[in-house]
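Laboratory data are not the source of any read-out in this text; all were calculated from the coordinates shown. Quick caveat: nothing in here was measured; it's all calculated off a predicted structure. Note that we place each Cβ from the backbone using ideal geometry, even for glycine, and neighbour counts take in every protein chain shown.
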């Protein structure tokens, strides 16, 4: 387990608990990072020990939850 993944999970669990969102079971965090030169990169962090197929499933479900409302916005016929 990477120290970064463990720190991320502990921090996220603490924030969610402080906002009374429940107990964190697992997490996938997708973050855009900027380096000192302003170059962008994408970082994907998962809960320690999470199998890739579980991480993919959580990411896909999250993407669908964004895509649905976005698609509905662009396909409304104005009524």
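Scan (1) in a loop (DSSP other than H, G, I, E, B); (2) out of contact with any helix residue (DSSP H, G or I) (no Cβ under 6 Å at 6 or more places or on another chain); (3) under 18 Å from residue 9 (Cβ atoms) for the single condition residue 54 breaks and write down its number.
The single condition residue 54 does not satisfy is (1).
Quick one: count up the residues across the stretch 1-34 that are under 13 Å from residue 50 (Cα atoms), in contact with a strand residue (DSSP E or B) (Cβ under 9 Å, 6 or more places away or on another chain) and surrounded by 12 or more Cβ atoms within 10 Å (Cβ to Cβ).
Residues flagged as under 13 Å from residue 50 (Cα atoms), in contact with a strand residue (DSSP E or B) (Cβ under 9 Å, 6 or more places away or on another chain) and surrounded by 12 or more Cβ atoms within 10 Å (Cβ to Cβ) within the stretch 1-34 amount to 6.
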